[in-house]
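What follows is calculated from the coordinates using simple rules that are stated; it is not laboratory data. Predicted, not measured: the structure shown is a model, and the values here were computed from it. Cβ coordinates were reconstructed from backbone atoms using ideal geometry, including for glycine residues, and neighbour counts include every protein chain displayed.
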């Protein structure tokens, strides 16, 4: 089936739109009229999706959104299958609680991208905001599976409380990358901010550039972990090229955070 | 039927259903991958005495998960549980111990056995699990979990689960030679050709067995004994299957992931073996009473 296309009728300003209903799970078996009738929230008012978007197509697991929709929240939240392509920016909470399928964002993603997701792939061609792949306040764990690939920069606390899965950032990260991580893998190609891995219990943070570590991380050895070869080969499938020498090179391994369990690791090229 | 002037007996090889896994071993170099694979395949000739049959596949893997040189090993055992037990023992003792090695599943199958998930305990609490999702491991819809076990040269990476499937073991043919060197050269030619077939192993030394067996024995404690009908030295003492002029018989046993793979290996092997010094080609069976699979030589070679 051809994709269902959504176009904003009027640019959104002021109060953002909450549109969990933009999900392939809900579009797959619905006619155009039924899709238009799906509920969205605008402030404290209940509306129909069709009040804000022009809908073309029906009964498809593929959704194309003509952006930017930077003030539309919860796009693809809890989706389990299918594909969403956003031609432009997307608002907060995109792909949160996601369990499967794919979201491609051609612009930037706001905060809380893929928070507590369990599966699937989120690919952002621009930047992402705070707490991508992290946990919501009060939750024990963040991302529990799946992949987030961000080709630009990210803000604070990305991957915080992460439990499983993979976050790849080809740009820079601000502070507290992987803070309180419980497991999983973060691969940062650019420069890390302060307190990377602060409070991490387990998990792996691969930093392609030198990073200022907390004093609660201890140097172990310089070696060539075979796992990185598997990871970097896998990244090629996502179209991510690792720097020359990364696959065959040596890595300095630090373990920490010793202020906590201390079984996390940060790997930095030797 | 004759091939290159060699008569082919109108008989069949009788083979059995077993369960099999395929293990991909990688290492820093081809040499070290082979060292680990040879060690893993050691003492894995016959399920009768070894509990499993293990061998290195002749067809090399086109690619490996870590892009290092790799070798495939096939392991056959009577049950899934037996496959799991032997994988754990052999990977634990022969692959994990081999410098620079890593070990991956290379058989996509519905049933999967926990292997790395058991070996991980060697890490004494310092093992690390890494679960990679399908988009980056290219594994259909299945994620793959790898265990990183700290060892003295760095880390040993082993996959959590290994696929297991029903397979065929005990395909065979017999080369009846004028002299031992003739039979040996023919068997070597056969094995060389058969190693180009995907999904098969010839588990005996060099792919060749000289002590073929029959079911039962005159001793109560032994359930298999020498194949008296094909022993030249017993030609006048037992009901011999050997025509005049045969001084040596060598057997090639084939285990394969599928019956088609075994049949193909037998076909190319027999064709390669037939040549000067071979009096006849035959095959071993038990009257069709024991094995599920029958490979009729004339049918195989007619295709």
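What shape does segment A:1-98 take by its C-alpha gyration tensor, where a ≥ b ≥ c are the square roots of the eigenvalues and a/c under 1.5 counts as rounded, a/b above b/c as prolate, and the rest as oblate?
rounded
Calculate the length of the line joining the C-alpha centroid of segment B:144-199 to that of segment B:21-87, in whole Å.
Each part's Cα centre sits 7 Å from the other's.
Could you tell me whether segment B:194-238 comes out rounded, prolate or oblate from its Cα gyration tensor? Rule is a ≥ b ≥ c as square roots of the eigenvalues, rounded for a/c under 1.5, then prolate if a/b exceeds b/c, otherwise oblate.
In terms of gyration-tensor shape, oblate.
Using Cα-Cα distances under 8 Å and only pairs 6 or more residues apart, what relative contact order does chain A have, in percent?
So the answer I get is 10 percent.
To make sure I understand, if each residue's beta carbon is the centre and we count other beta carbons within 10 Å, what order do A:250, A:96 fall in, fewest to most?
A:250, A:96
Rank the residues A:175, B:66 as a footprinting-exposure proxy: fewest other Cβ atoms within 10 Å of their Cβ go first.
Arranged by neighbour count, lowest to highest, A:175, B:66 become A:175, B:66.
So what is the calculated 222 nm ellipticity per residue for the protein assembly as shown, using -39500 (n - 2.57) for each DSSP H run with n of 4 or more, over all residues, to the nearest 500 deg cm²/dmol?
Taken over the protein assembly as shown, the calculation gives -4500 deg cm²/dmol.
Viscosity 1.002 mPa s, temperature 20 °C: what is the translational diffusion coefficient of chain A from Stokes-Einstein with a Kirkwood Rh over Cα pairs, rounded to a whole number of µm²/s?
114 µm²/s
Pairs of Cα atoms under 8 Å, at least six residues apart: use those to get the relative contact order of segment B:19-165, whole percent.
The value is 28 percent.
If the convex hull of the alpha-carbon atoms of segment B:1-87 is projected onto planes in all directions, what is the mean projected area in square nanometres?
Approximately 8.3 nm², given one-decimal rounding.
Taking segment B:95-188 on its own, what percent of its Cα-Cα pair distances exceed 22 Å?
49 percent
Compute the helix-to-body angle for B:180-194: its Cα long axis versus the longest principal axis of chain B, expressed 0 to 90° and rounded to tens.
For helix B:180-194, the angle is close to 40 degrees.
Relative to the compact globular guide of 2.2 N^0.38 Å, what is the alpha carbon radius of gyration of segment B:130-262, as a ratio?
Relative to the 2.2 N^0.38 Å estimate, segment B:130-262 comes out at 1.55.
If you take the beta carbon distance between residue B:223 and residue B:1 as r and set R0 to 41 Å, what does 1/(1 + (r/R0)^6) give as a FRET efficiency, to the nearest 0.05?
0.75
What would the Debye formula give as log10 I(q)/I(0) at q = 0.11, 0.15, 0.16, 0.23 Å⁻¹ for the alpha-carbon point model of segment B:198-303, no solvent?
-0.40, -0.75, -0.85, -1.52
Write down the Å³ per residue value for the convex hull defined by the alpha carbon atoms of segment A:8-159.
Taking the convex hull of the Cα positions in segment A:8-159, it is 94 Å³ per residue.
Only bridges with both residues in the protein assembly as shown count here: give the DSSP antiparallel percent, nearest 5.
For the protein assembly as shown, the DSSP antiparallel bridge percentage is about 65.
Explain nothing, just the number: relative contact order of chain B, from Cα pairs under 8 Å at least 6 residues apart, as a whole percent.
Reported relative contact order: 26 percent.
Report, to the nearest 10°, how far helix B:80-90 tilts away from the longest principal axis of the Cα atoms in chain B, using its own Cα long axis and a range of 0 to 90°.
That works out to roughly 70 degrees.
Which whole-number percent of Cα pairs in segment A:165-270 have a distance greater than 25 Å?
11 percent
Quick check: from the Cα gyration tensor, does segment B:19-165 come out rounded (a/c under 1.5), prolate or oblate?
rounded
What distance in nm separates the two pseudo spin-label positions at residue A:104 and residue B:286, each 7 Å out from Cα along the beta-carbon direction?
5.7 nm
Would you kindly calculate the translational diffusion coefficient of segment A:108-246, applying Stokes-Einstein with the Kirkwood radius from alpha carbon pairs, for 37 °C and a viscosity of 0.692 mPa s, and quote it in µm² s⁻¹ without decimals?
225 µm²/s
Output the 0 to 90 degree angle, nearest 10, between the alpha-carbon long axis of helix A:226-237 and the longest principal axis computed from the alpha carbons of chain A.
Taking Cα atoms only, the helix is inclined about 30 degrees.
With each label point set 7 Å from Cα along the Cα-Cβ vector, what nm distance links residue A:56 and residue A:241?
Distance between the two pseudo-spin positions: 3.5 nm.
In whole angstrom, how long is each semi-axis of the equivalent ellipsoid of chain B, when you take the square root of 5 times every eigenvalue of its Cα gyration tensor and sort them from largest down?
They are 39, 19, 17 Å, listed from largest to smallest.
Return B:225, B:101 ranked ascending by Cβ neighbour count within 10 Å, so the fewest neighbours appear first.
B:225, B:101
Using a Gaussian network model on chain A with a 10 Å cutoff between Cα atoms, which of A:166, A:12, A:149 fluctuates the most?
With Cα springs under 10 Å in chain A, the top fluctuation among A:166, A:12, A:149 is at A:12.
Most fluctuating residue of B:58, B:206, B:256 in a GNM of chain B with Cα springs under 10 Å: which is it?
Sorting by GNM fluctuation, first place goes to B:206.
Top mean-square fluctuation among A:215, A:11, A:244, Gaussian network model of chain A, C-alpha springs under 10 Å?
A:244
Can you give me the orientation-averaged projected area of the convex hull built on the Cα atoms of the protein assembly as shown, in nm²?
Mean projected area of the Cα convex hull: 31.5 nm².
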